[in-house]
1. Find out how many positive minus negative residues lie around S247, taking Lys and Arg as positive, Asp and Glu as negative, among other residues whose Cβ is under 13 Å from that of S247.
2. Compare T90, T73, T156 in a GNM of the chain, Cα atoms joined below 10 Å, and give the one with the largest fluctuation.
3. Using the beta-carbon distance between Y298 and S87 and R0 = 56 Å, what value does 1/(1 + (r/R0)^6) give for FRET efficiency, to the nearest 0.05?
4. Once you list every other residue whose beta carbon is under 13 Å from the beta carbon of G189, what net charge do they have if Lys and Arg are +1 and Asp and Glu are -1?
5. Work out, step by step, the length gained on full extension between E163 and N329: first 0.36 nm times the residue separation, then minus their alpha carbon distance; give nm to one decimal.
6. First select every other residue whose beta carbon is under 14 angstrom from the beta carbon of K343; then total the charges, Lys and Arg +1, Asp and Glu -1.
7. Select from D166, D270, D118 the residue whose mean-square fluctuation is largest in a Gaussian network model of the chain (Cα-Cα springs shorter than 10 Å).
8. Take the alpha carbon gyration tensor of the range 19-66, find the square roots of its eigenvalues, order them as a ≥ b ≥ c, and report rounded if a/c is under 1.5; if not, report prolate when a/b exceeds b/c, else oblate.
Amino acid sequence: MRRVLIGTGGGDCPGLNAVIRGVVKRASMEKEWEVIGSINSFDGILREPTEIVVLDEKAVSGIHFRGGTIIGTTNKGGPFAWPVKKSDGTWETADRSDEMIRKLGYMGVEAVINVGGDGSQRISQALFEKGLNIIGVPKTIDNDLPFTDFTFGYQTAVQIATEAVDKLVTTAASHNRILILEVMGRDAGWIALNSAIAGGAEVCLIPEIPYDIKKVVERLESRFSKGKGFANIVIAEGAMPVGGKPSIEEVDEVGYKNRKLRGAAARLSDELKAEGVKPDIRETVLGHLQRGGIPVAYDRILATQFGVKAFEMVMEKKYGEMVAYRHPNIVSIPLVDAIQKKKYVRLESDLVNTARGIGISLGD
Ligand code: F6P
């Protein structure tokens, strides 16, 4: 039996299960292959005893519409930075990558499929450079990975954020309020901009365009002066004022100092009040609701395509490459390219032009 191992790493994302199912279903057509899954990304391989599950057709039956990942995930540690607690209670990290590659050899694993975001794909590339047969599958709701038109999970997040805007519009109108919705988007404003257009917000603030609070106030005032008694604002968690920084909170988690983005909406609310904006202002932070639950059909399809392609890349020995979507094709690109940069909202893009064209202020 030939063996391929799959792991899901980083923050979860609607569609991960559809990828796993796509890999397993495609592999089952080639009789000599067995798919195994490592629990919580690479942790399952490194733990003693190992935490590995066999993924056959029965194991993946009906999982394509389930949120999360049946094999778990983690955004901490990994083979190059395994957290080790010191006697004084503080943490240090150990490089266990060689040990992990050796272990995969003993387990008879011929290739690894690593589903994850930019951090996970950097790990894929580093493992590839050490000789591991590895293929990457890109994943993030933020849609900020380059060389792929979309990542699965992103359309689901846009749908959830749009539904939130829809709801907030009605309550803003009833109370004559300004309602601010904070959505995910650490470095890129894809979810914010798309949900602002789809939901009909007046202002949308994204990390790519540091906002001038006076311009935001101007847009609100022009709306109020036309007799509209309410307004809706969508802000990405990574947005910042001109000359400022993203709103970040450092939290100690097991073996890891996590830099959480938190407070962009609250800060904006304070800034608006300081500018003398009169209507009541309320903030909603959508948070992890954007990452959980049922993937929309588009994401299930894209994720399934990624899974099938990833297994086919294993058969073709396209190691060191990552699956990508370049409309209308599913292609493969070198991992080394994929990890070089991020995909930001381009200010000269048609999407930005559309937002401006319907009167959305981007705070500039
Ligand atoms: O990268 C995806 C993402 O959803 C970001 O938008 C967000 O900042 C981050 O994950 C949250 O991660 P965590 O679940 O670790 O708080």
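1. Values: positive: R186, K245, R259, K260, R262, R267; negative: E182, E237, E249, E250, D270, E271, E283.
Once positives and negatives cancel, what remains is -1.
2. For the chain, modelled as a Gaussian network with Cα springs under 10 Å, the answer is T90.
3. 0.65
4. -3
5. My answer for the length gained is 56.8 nm.
6. Within the 14 Å Cβ shell, the charges total -1.
7. For the chain, modelled as a Gaussian network with Cα springs under 10 Å, the answer is D270.
8. Because a/c hits 1.5 or more and a/b fails to exceed b/c, the range 19-66 counts as oblate.
Each reported figure results from applying straightforward, stated rules to the coordinates on display, with no laboratory input. It should be emphasised that the depicted structure is a prediction, and the values quoted were computed from it without experimental measurement. Don't worry about glycine lacking a Cβ; one is built from the backbone with ideal geometry, like all the others, and counts go over all protein chains shown.
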